[in-house]
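Notes follow once the structure below has been shown.
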Amino acid sequence: MERILIVRVDKLGDFCHTLPAISLLKRSMPFAQIDVIVSPLIESLAKQFDFIDNILIYKKDDPKLIDKIKANNYQAALILHSHKDMAKITKEANIPYRLGQRRKWYQYLYTHRAPLNRSACLKPEWRYCTDHIEYFLCKNHIPPADIEQRLWDVQNEKEKWQEFYGKTGDEKLIFIHPGSGGSEGSISPQQFADLANIIATKSGIALKFVVTFGPSEKPLAEQVVQLITDFGHIAEPANPIKNIGEFSRSLVAADVMIAGSTGPLHVASLHNAITVGFYPHSSRDDKIRWQTLSDYENRLSFSPPMGEKTGANMTLVDIQNAANQVAIRLQT
């Protein structure tokens, strides 16, 4: 196969988890054209990676989308998450080989179904995606390349972006993203501020807190900044950046990213920042499913006690314990 379309048209964090799989496919089939269809928000980020050859944009009401896909004469479509519209669209675009997951009623629209069962075996989302690609490669008698997690190296830009975010000396930049971004909740503004206060006090290290925010989240960011400054620490809202791609690149500045399981947390992990994630813990262990792509020692995660009544109550997260662990990690 010479032309393959990867489908991942959901959120920012989900796309980050797909990147090891796309890279795996490209390195296993270096002479194939590997295109990706993504949501409009993701386009500027997808352009950052040289293992993606071309980018298509998914808009739900785009009447020309099927014709655009047909024009590329794809021989295969690999749908990496269950998406009814894209299952229909790839079928109507007459892509002869369509591989999706063996779940949901619309799986019959695929020509092939990968036996991936997220309920039977808990593993990180990025690993489900690479399993999907490995299944495709093995079924087509193509030896899979090694899996790589470090896919984006812009460390040479770190100093530039730290200056952009106001670093003036030897202080560490601690990023906080208090918005949910569509993920399953997060801790409260006061909990973020308490966390910052304990980290700053316990670590004994000069810190500056940078609070990032989405298009409708500026008041929330300003609230967190005020709460942190009331504790006597340096905190500022992040400087605005024109698009997700540039913002994602700028997160190389972060020594630490603190957030719920939302896009900026997963983007920062592409740069191997220390990530501090907060996850609900009601019926499944989301801190495993949605763990970041940072190296093990840079990946901290916290949840409330597991249970139907407690697991979604983020006020039960042990902020003191989380802050102590972050402070220890900063000191090493």
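The values are calculated or read from the model by the stated rules, or taken from the named source; none is laboratory data. Fair warning: this is a prediction, and the values are worked out from it, not measured in the lab. Positions of Cβ are generated from backbone atoms using ideal geometry, with glycine treated the same way; all protein chains shown enter the neighbour counts.
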Can you confirm whether the stretch 284-301 contains a residue that is crowded, with 19+ Cβ neighbours inside 10 Å, in contact with a helix residue (DSSP H, G or I) (Cβ under 9 Å, 6 or more places away or on another chain) and under 18 Å from Gln190 (Cα atoms)?
no
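Of all the residues that make up the stretch 221-246, how many are without any contact (Cβ under 8 Å) to a residue 12 or more places away in the chain, part of a helix (DSSP H, G or I) and within 16 Å of Gly179 (Cα to Cα)?
Here is the first cut: in the stretch 221-246, the residues without any contact (Cβ under 8 Å) to a residue 12 or more places away in the chain are 226, 229, 232, 240-242.
Adding the requirement that they be part of a helix (DSSP H, G or I) leaves 226, 229.
If we keep only those that are within 16 Å of Gly179 (Cα to Cα) as well, we get 226.
Result for the stretch 221-246: 1.
Any idea which of Ile133, Ile95, Ile79, Ile89 is in contact with a helix residue (DSSP H, G or I) (Cβ under 9 Å, 6 or more places away or on another chain) and over 19 Å from Asp14 (Cβ atoms)? Quick ask: steps written out before the conclusion?
Details: Ile133 fails: over 19 Å from Asp14 (Cβ atoms); Ile79 fails: over 19 Å from Asp14 (Cβ atoms); Ile89 fails: over 19 Å from Asp14 (Cβ atoms).
Just a single option satisfies the conditions, and that option is Ile95.
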Lone qualifier among Ser180, Ser186 - being crowded, with 18+ Cβ neighbours inside 10 Å and not in a helix (DSSP H, G or I)
Ser186
From Pro215, Pro237, Pro189, residue being over 26 Å from Thr332 (Cβ atoms) and at pLDDT below 95
Pro215
Members of the stretch 119-168 found to be part of a loop (DSSP other than H, G, I, E, B), among the basic types (Lys, Arg) and under 18 Å from the mean Cα position of the chain (by Cα), listed by number:
Lys123, Arg150
Do the conditions hold for Ala273, that is, is it assigned by TED's automatic domain parsing to the domain that holds Ile319, touching a Leu at 6+ places or on another chain (Cβ under 9 Å), crowded, with 21+ Cβ neighbours inside 10 Å and in contact (Cβ under 8 Å) with a residue 12 or more places away in the chain?
yes
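Is it fair to say Ile199 is farther than 22 Å from Glu159 by Cβ and modelled with pLDDT of 95 or more?
yes
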Restricting to the stretch 12-38, and then to whatever is in a strand (DSSP E or B) and within 16 Å of Leu137 (Cα to Cα), can you tell me which residue is nearest to the chain's Cα centre (by Cα)?
Ile34
Take the residues in the stretch 275-332 that are more than 21 Å from Pro264 (Cα to Cα) and charged (D, E, K, R), then tell me which one is modelled with the lowest pLDDT.
Arg284
